[in-house]
Amino acid sequence: MARFFMRLSAVLAAIGWVLGLAVSPAAAQTLDAVRERGFLICGATNPLPGFAQIDADGRWSGFDVDLCRAIAAAVFGDPNRIEFHSLRGEARFAHLQTEAVDVLTRNGPWTARRDTLYGARYVGTAFFDGQAFLVPQARGLVSAFELDDVRICVIDGGDDLERIEEFFFANQATYVEVPYEDIDDLALAYKTGLCDAVSASGRQLQAIRRGLPDPNAHRILPERISKELLGPVVRAGDTQWFNIIKWTLLALINAEEVGITSPNTESLTASHTPAIRRILGVEGDFGTALGLKPTFMADVIRAVGNYAELYDRHFGPQTGAALLRGQNSLWSNGGLLYAPPVR
């Protein structure tokens, strides 16, 4: 009998060891690791003007970077406690799995495969995008449905060619594809007149447009012929960290809905509007359950502004190449941007 219990103990120990190996690295609790380190390590795939770019002094800026700063503000109350990594490639999940980064703020577009197979979880949508068309303003086009008898530069291979074929077939219009292997080739071919339009994701077209001598002489047509959802990605298995990133993003959207901005954050603490008071942490406590301060949303808005401020800063008229919000407008303005209420 004693020998039986010894063997049973050995088997149970072995099982426990195997199960221990199977535990996700995220089970170590990312929030604790970030706080112990003293700063957030944040990444995004590929440098892209407007989203993530670095200046001559080595300072990062862009939509992705400000999302990272928002998360740092939520965790530390200080948006500058970040280390930003721009990771070349379409999707860099191994960087999450090995804890080289704590969060990705722009990754490959959200798909079932990416959300379920690589030990990563998409938190929410920070930027709605899709395949679109860039054309010269001189052509006088205001809609992709007006395209006909055009030469279109497009990446060879993948789904872009197929989508164009389906789009023009459905609209009974004609086109000639001008294929290239790289996005830089598309930009050069368009700039030198080898094609009449470029078709790629809206964010890639915006980068091409910003690189042209006169960006305002070119227009990204409003229609999207595919759907691409981009937003923060975290390691699977850490519900607390997932919720921290999620409610940081949702705070930006909710703040725009009720009119909280970075300049008026302090003055609105005297507001009698319950929705405003809850977001600012004056009424109710929505931070403690996440391991954060009750005023963490106010810290986020104070640091980077609401979603509209974030968008305008990196895609507004002052950039020299304004990008209409379109799908990224609030639901109340005809867009897709929507957030659960803070209550």
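The values are calculated or read from the model by the stated rules, or taken from the named source; none is laboratory data. None of the values given here were measured: they were computed from a predicted structure. Cβ coordinates were reconstructed from backbone atoms using ideal geometry, including for glycine residues, and neighbour counts include every protein chain displayed.
So here's what we get for this one:
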quantity	calculated
Yes/no for Arg313 being outside the structural domain of Asp214 (by TED's automatic domain parsing), in a helix (DSSP H, G or I), out of contact with any Pro (no Cβ under 7 Å at 6 or more places or on another chain) and in contact (Cβ under 8 Å) with a residue 12 or more places away in the chain	yes
Pairs, first acidic (Asp, Glu) in the range 86-107, second modelled with pLDDT of 90 or more, C-beta under 7 Å, six or more apart	Asp102/Thr30; Asp102/Val34; Asp102/Leu40; Asp102/Ile41; Asp102/Cys42
Any pair with Cβ under 9 angstrom, 6 or more apart, that starts in the range 178-196 at a residue that is free of Cβ contacts under 8 Å to residues at least 24 places away in the same chain and ends at one that is in a loop (DSSP other than H, G, I, E, B)	Leu188/Leu194; Lys191/Gly211; Lys191/Leu212; Lys191/Pro213
When residues of the range 42-62 are limited to those that are closer than 18 Å to Gly231 by Cβ and not in a loop (DSSP other than H, G, I, E, B), the one modelled with the lowest pLDDT	Thr45
Hits in the range 279-300 - residues which are within 13 Å of Thr248 (Cα to Cα) and charged (D, E, K, R)	Lys293, Asp299
When residues of the range 166-201 are limited to those that are touching a helix residue (DSSP H, G or I) at 6+ places or on another chain (Cβ under 8 Å) and assigned to a helix (DSSP H, G or I), the one nearest to Leu230 (Cα to Cα)	Ile183
Some residue of the range 211-221 being within 19 Å of Pro49 (Cβ to Cβ), basic (Lys, Arg) and not assigned by TED's automatic domain parsing to the domain that holds Phe63	yes
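Let's see how each residue does on (1) within 23 Å of Val300 (Cα to Cα); (2) assigned by TED's automatic domain parsing to the domain that holds Ala289; (3) in contact with a Gly (Cβ under 7 Å, 6 or more places away or on another chain); (4) not in a strand (DSSP E or B):
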site: Ala72; (1), (2), (3), (4): yes, yes, no, yes
site: Val75; (1), (2), (3), (4): yes, yes, no, yes
site: Asn80; (1), (2), (3), (4): yes, yes, no, yes
site: His85; (1), (2), (3), (4): yes, yes, yes, no
site: Glu90; (1), (2), (3), (4): no, yes, yes, yes
site: His95; (1), (2), (3), (4): no, yes, yes, yes
site: Glu99; (1), (2), (3), (4): no, yes, no, yes
